[in-house]
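J.: The structure is given below, and queries will be raised subsequently.
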Amino acid sequence: MDIYLIRHTQTATDPGLCYGQSDIALAASFAEEMAAVHDKLPEFDEDCQVFCSPLIRCLQLAQTFSDTVTTDDRLQELNFGDWEGQRFDDLDAEILQQWTNNFVTAAPPNGENFEDLYQRAGEFWQELLASNAKQVLVITHAGVIRALLARALNLPLSNSFQLRIDSGSAHKLRLADDYLYVEYINL
């Protein structure tokens, strides 16, 4: 099974905005960025399965690959709770630093921690690996991609943010003979 993890393209937000599970539109440069994503990838078989987060920034890109897209809530970005829609600079610096230092187990107020995201994305991942799919595209968010790569590589969750996940990036994994290979990251 060939698995392509793809991060959505740039959003139409100012830098520093906290927008995890907020439904944010894509940047005006979407058409060019979408074409660049397609140029990085091979032609896919007709039976290639396409999964994505239900948020529009992922769904819009996913629909350029297939007319048949399966959305899955488990592929949504981290829920930042009360911080959604706020600028990080406007949050209480001490509370933000506490979360930054302990993001794996600490959650923003009324949000979720990274371990929660890891568990829900992991449920999707286990179902995917148990399927008979030949090719799969998963269009999602940086946090989810980090969680899935941490699972694939058996990384401590606290190290997952050392993985750079650019907007519009592709990451390829291959499941063969019950072994999962990482073919490339952040293409």
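The values are calculated or read from the model by the stated rules, or taken from the named source; none is laboratory data. All of these numbers come straight from a predicted model, not from anything done at the bench. Here Cβ is always computed from backbone atoms with ideal geometry, including for glycine, and neighbour counts include all displayed protein chains.
J.: Would you please name the residue that is surrounded by the fewest Cβ atoms within 10 Å (Cβ to Cβ), looking only at residues in region 44-67 that are among the aliphatic types (A, V, I, L, M) and in a helix (DSSP H, G or I)?
T.: So the residue we want is 56.
J.: Which pairs have Cβ atoms under 8 Å, sit 6 or more apart or on different chains, and link a residue in region 123-147 that is farther than 16 Å from residue 70 by Cβ and touching a residue at least 24 places away in the same chain (Cβ under 8 Å) to one that is of a type in the set (Gly, Ala, Ser) and assigned to a helix (DSSP H, G or I)?
T.: So the pair list comes out as 147/121; 147/122; 147/160.
J.: In addition: Which condition number in (1) without any contact (Cβ under 8 Å) to a residue 40 or more places away in the chain; (2) among the small types (Gly, Ala, Ser); (3) within 29 Å of residue 179 (Cβ to Cβ) is the one that residue 12 fails?
T.: (3)
J.: Next up: Are any of the residues in region 19-37 touching a Leu at 6+ places or on another chain (Cβ under 6 Å), assigned to a strand (DSSP E or B) and not aromatic (Phe, Trp, Tyr)?
T.: no
J.: If you don't mind, there's one more thing I want to ask. Taking the criterion of being of a type in the set (Gly, Ala, Ser), at pLDDT 95 or above, surrounded by 19 or more Cβ atoms within 10 Å (Cβ to Cβ) and touching a Ser or Thr at 6+ places or on another chain (Cβ under 8 Å), would at least one residue in region 155-167 satisfy it?
T.: Within region 155-167, not a single residue is of a type in the set (Gly, Ala, Ser), at pLDDT 95 or above, surrounded by 19 or more Cβ atoms within 10 Å (Cβ to Cβ) and touching a Ser or Thr at 6+ places or on another chain (Cβ under 8 Å).
J.: Report those helices (runs of 4 or more DSSP H) wholly inside region 69-187 carrying at least 1 residues which are among the hydroxyl-bearing types (Ser, Thr, Tyr).
T.: By residue number, 93-101, 114-130.
J.: Continuing with the same structure: When you scan region 126-142, how many residues do you find that are surrounded by fewer than 22 Cβ atoms within 10 Å (Cβ to Cβ) and either at pLDDT below 95 or not basic (Lys, Arg) (or both)?
T.: Just the residues of region 126-142 that are surrounded by fewer than 22 Cβ atoms within 10 Å (Cβ to Cβ), to begin with: 126-136, 142.
Imposing the further condition that a residue be either at pLDDT below 95 or not basic (Lys, Arg) (or both) reduces the set to 126-133, 135-136, 142.
Total satisfying the criteria: 11.
J.: Cβ contacts < 6 Å: first residue within 16 Å of residue 161 (Cα to Cα), restricted to region 76-104; second residue small (Gly, Ala, Ser), any location; separation 6+ or different chain. Result?
T.: Every condition considered, the pairs that remain are 77/20; 77/143; 78/20; 78/143; 99/106; 104/158.
J.: Name the residue that is surrounded by the fewest Cβ atoms within 10 Å (Cβ to Cβ), counting only residues in region 15-33 that are over 18 Å from residue 74 (Cα atoms) and touching a residue at least 40 places away in the same chain (Cβ under 8 Å). Before the answer, list the steps.
T.: To start, the set of residues in region 15-33 that are over 18 Å from residue 74 (Cα atoms) comprises 15-18, 25-33.
Now restrict to residues that are touching a residue at least 40 places away in the same chain (Cβ under 8 Å): 16-18, 33.
Numbers: 16: 10, 17: 16, 18: 21, 33: 18.
The extreme case among them is 16.
J.: Identify all residues within region 34-56 that are touching a residue at least 60 places away in the same chain (Cβ under 8 Å) and among the charged types (D, E, K, R); write none if there are none.
T.: The answer is 40, 45, 47.
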